[in-house]
């Protein structure tokens, strides 16, 4: 099983690479990431949080009943309205940050079979997608103000 990487670790600040091969190695990564999500109870997870520099994220759907797999996610639209909230991160255990993110986003991505999809996300789901795509770009939550 994959292990969660916590800060400080250089891999968390590296940019992940685009997935080109939708093969057994990718399926193994996805299976491992789903296991880590179940074990930790997280709302989202990026591949670099488990040591893989691949553009892969998992996020809970809006009613938190299943994991949504997003491969090569790309934010194509952000609302002008922002949402402030408290966020935590599995790679920063026990710490909480005050974030400000767009309230609504449109994200393009591929599913595990390679098919292209587009979804509109808002609220906590949008924040989660943005948080995880930040990870893929090597941007960490500690750039926001920490709540003590």
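The values are calculated or read from the model by the stated rules, or taken from the named source; none is laboratory data. All of these numbers come straight from a predicted model, not from anything done at the bench. All Cβ positions, glycine included, derive from the backbone under ideal geometry; neighbour counts span all protein chains shown.
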Restricting region 8-26 to residues that are under 17 Å from the mean Cα position of the chain (by Cα) and closer than 20 Å to residue 112 by Cβ, the one surrounded by the fewest Cβ atoms within 10 Å (Cβ to Cβ) turns out to be 18
Any residue at all in region 50-60 that is at pLDDT 95 or above, surrounded by 14 or more Cβ atoms within 10 Å (Cβ to Cβ), out of contact with any strand residue (DSSP E or B) (no Cβ under 6 Å at 6 or more places or on another chain) and over 17 Å from residue 133 (Cα atoms)? no
Checking the conditions here, which among 75, 71 is surrounded by fewer than 20 Cβ atoms within 10 Å (Cβ to Cβ), assigned to a strand (DSSP E or B) and in contact with a strand residue (DSSP E or B) (Cβ under 9 Å, 6 or more places away or on another chain)? 75
Does region 5-12 include one or more residues that are in a helix (DSSP H, G or I), without any contact (Cβ under 8 Å) to a residue 60 or more places away in the chain, touching a helix residue (DSSP H, G or I) at 6+ places or on another chain (Cβ under 7 Å) and under 18 Å from residue 139 (Cβ atoms)? yes
Can you name the residue in region 120-148 that is part of a strand (DSSP E or B) and touching a helix residue (DSSP H, G or I) at 6+ places or on another chain (Cβ under 9 Å) and, of all such residues, is farthest from residue 58 (Cα to Cα)? 120
Sort out which residues of region 98-113 are touching a strand residue (DSSP E or B) at 6+ places or on another chain (Cβ under 7 Å) and over 15 Å from residue 78 (Cα atoms), and write them in order of number. 98, 99, 109, 110, 111, 112
